[in-house]
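The values are calculated or read from the model by the stated rules, or taken from the named source; none is laboratory data. Small disclaimer: the values here were computed from a predicted structure and weren't measured. Virtual Cβ from ideal backbone geometry, glycine too; neighbours counted across all protein chains shown. SASA here: full protein model, heavy atoms, side chains in, ligands and nucleic acids out. Shrake-Rupley method; radii C 1.70, N 1.55, O 1.52, S 1.80 Å.
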Amino acid sequence: MAVRVGVLGATGAVGQRFIQLLDDHPTFELAAVTASESSVGRSYRDAAKWRVDTPIPDDVAEMEVVATEPDAVPDDLDLVFSSLPSSVAADVEPDFAEAGYVLSSNSSNLRMAEDVPLTIPEVNAEHLELIEVQRDERGWDGALVKNPNCSTITMTPTLAALDEFGLERVHVSTLQAVSGAGYSGVTSMEIIDNAIPHIGGEEEKMETESRKLLGEFDGSGVELHGADVSASCNRIPTIDGHLENVFAELADDPSVEDVAAAMEAYPGLDLPSAPEQLIHVFDDPLRPQPRLDRMTGEGMAVCAGGIQETAGGVKYNCLAHNTIRGAAGAAVLNGELLVEDGWV
Ligand SMILES: NC(=O)C1=CN([C@@H]2O[C@H](COP(=O)(O)OP(=O)(O)OC[C@H]3O[C@@H](n4cnc5c(N)ncnc54)[C@H](OP(=O)(O)O)[C@@H]3O)[C@@H](O)[C@H]2O)C=CC1
Ligand SMILES: N[C@@H](CC(=O)OP(=O)(O)O)C(=O)O
């Protein structure tokens, strides 16, 4: 049976990816699109400055954009995706959860809250059980589930694969695409012929969210993983696809082949948006590259390469599509898991 879904912030950069990914989805049927007051009452085609490389689905183009409030959307929505600016989401998402809606949100507010599941389905699906704690503590009939930051999503599956060798410390340096800052986030004058060695708040997100994702759920909360994570974040002039250089210190002393095998064997999931193979490992030291490899697994896989032994562990590169696996695709996959596990 179709699951009726809505998208909050549907006209934005990530909102448009949601619309693209939900088109012809085997389970989800789009029933509501919301945006800011300036878009309310307009057709989606008129309100959204469409910038995705496939056409607006015809049925969505004619939908009316409604206000981002629980009373404005149909009350029979089974699931609500959210890609609002985090300051707006912080106000609005709790209202939706209180009104009984189950939300799969990409916005960064409340990701580290103790009673909010932060999930990558292949890595820590069991953390969804936190919904019970959340409902007890907040008195919500609905629920709020988050996916992590795009840079965090890119490296965390590879760290999960390395954990069998005793993950102790991680240093990571990122080369992040401009789409991560949104369409108007970085001007061409700032980024062409340039690199910007700071992205506000990003390093802290990578350092904390990764430890929550890799942490243990003990029935009442998540104990953060003990590894120390240190990140340095940089913006470069690619359009999509975050590339990251990871240095991981390990308790054991695995060979390059052991590490590659652990990554390649890291299990995927049988969900509509999940790639058949989660982590693809390249032997070619020139891969992965953003332009060549970001659409691996329809933009939902993580690529790794350049694995080498180094003092106390290994170093390697990893890459994922930041607005698909790193944003809208991540939230859709969390939505599929919510359905599969019976929360929707
Ligand atoms: N861009 C990216 O690649 C990534 C973005 N994110 C996160 O996703 C979220 C959305 O980002 P992005 O899509 O780039 O942002 P955009 O600015 O492109 O889109 C924001 C959306 O929210 C709506 N909106 C803005 N203000 C309000 C308001 N006061 N009330 C209701 N709706 C409002 C906008 O509607 P309207 O069109 O009417 O203004 C639009 O639909 C952010 O939290 C961002 O940090 C995360 C990962 C990657
Ligand atoms: N900060 C990320 C994108 C982003 O919006 O992340 P978050 O989902 O944590 O707000 C980038 O610049 O590439």
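Data table
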{"read-out": "From Ser173, Ser188, Ser184, Ser210, residue being at pLDDT 95 or above, open to solvent by 40 Å² or more (accessible area, probe 1.4 Å) and outside the structural domain of Lys49 (by TED's automatic domain parsing)", "value": "Ser188"}
{"read-out": "Counted residues, region 162-191 - those being free of Cβ contacts under 8 Å to residues at least 12 places away in the same chain, among the small types (Gly, Ala, Ser) and within 16 Å of ligand 2 (Cβ to nearest atom)", "value": "2"}
{"read-out": "Tally of residues being in a loop (DSSP other than H, G, I, E, B) and open to solvent by less than 10 Å² (accessible area, probe 1.4 Å) across region 301-344", "value": "3"}
{"read-out": "Only one of Ala274, Ala261, Ala248 that is open to solvent by less than 70 Å² (accessible area, probe 1.4 Å) and assigned to a helix (DSSP H, G or I)", "value": "Ala261"}
{"read-out": "Candidate set: region 290-305, residues that are over 15 Å from the mean Cα position of the chain (by Cα) and in contact (Cβ under 8 Å) with a residue 40 or more places away in the chain; chosen: the one farthest from Leu21 (Cα to Cα)", "value": "Ala304"}
{"read-out": "In region 1-36, the residues that are assigned to a loop (DSSP other than H, G, I, E, B) and in contact with a Gly (Cβ under 6 Å, 6 or more places away or on another chain)", "value": "Gly9"}
{"read-out": "Strands (runs of 3 or more DSSP E) within region 37-137 that include 2 or more residues over 30 Å from Val302 (Cβ atoms) and away from ligand 2 (no atom under 16 Å from the Cβ)", "value": "65-67"}
{"read-out": "In region 119-130, the residues that are touching a helix residue (DSSP H, G or I) at 6+ places or on another chain (Cβ under 9 Å) and over 15 Å from Arg325 (Cβ atoms)", "value": "Asn124, Ala125, His127, Leu128"}
{"read-out": "Tabulated pairs, region 150-161, first open to solvent by less than 10 Å² (accessible area, probe 1.4 Å) and away from ligand 1 (no atom under 16 Å from the Cβ), second of a type in the set (S, T, N, Q) and modelled with pLDDT of 95 or more, C-beta under 9 angstrom, 6+ apart or interchain", "value": "Leu159/Ser210"}
{"read-out": "Qualifying residue in region 196-203 (condition: without any contact (Cβ under 8 Å) to a residue 24 or more places away in the chain, within 16 Å of ligand 2 (Cβ to nearest atom) and open to solvent by 50 Å² or more (accessible area, probe 1.4 Å))", "value": "yes"}
{"read-out": "Pair list, Cβ under 6 Å, 6 or more apart: region 326-339 residue within 14 Å of ligand 1 (Cβ to nearest atom), other residue of a type in the set (D, E, K, R)", "value": "Ala328/Arg17"}
{"read-out": "Pairs with Cβ under 7 Å, 6+ apart, first in region 85-108 and assigned by TED's automatic domain parsing to the domain that holds Asp71, second of a type in the set (Ser, Thr, Tyr) and away from ligand 2 (no atom under 16 Å from the Cβ)", "value": "Val92/Thr68"}
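Here's the yes/no breakdown for (1) more than 20 Å from Met206 (Cβ to Cβ); (2) open to solvent by 60 Å² or more (accessible area, probe 1.4 Å):
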| position | (1), (2) |
| --- | --- |
| Arg45 | yes, yes |
| Val66 | yes, no |
| Asp76 | yes, yes |
| Pro94 | yes, no |
| Asn124 | no, no |
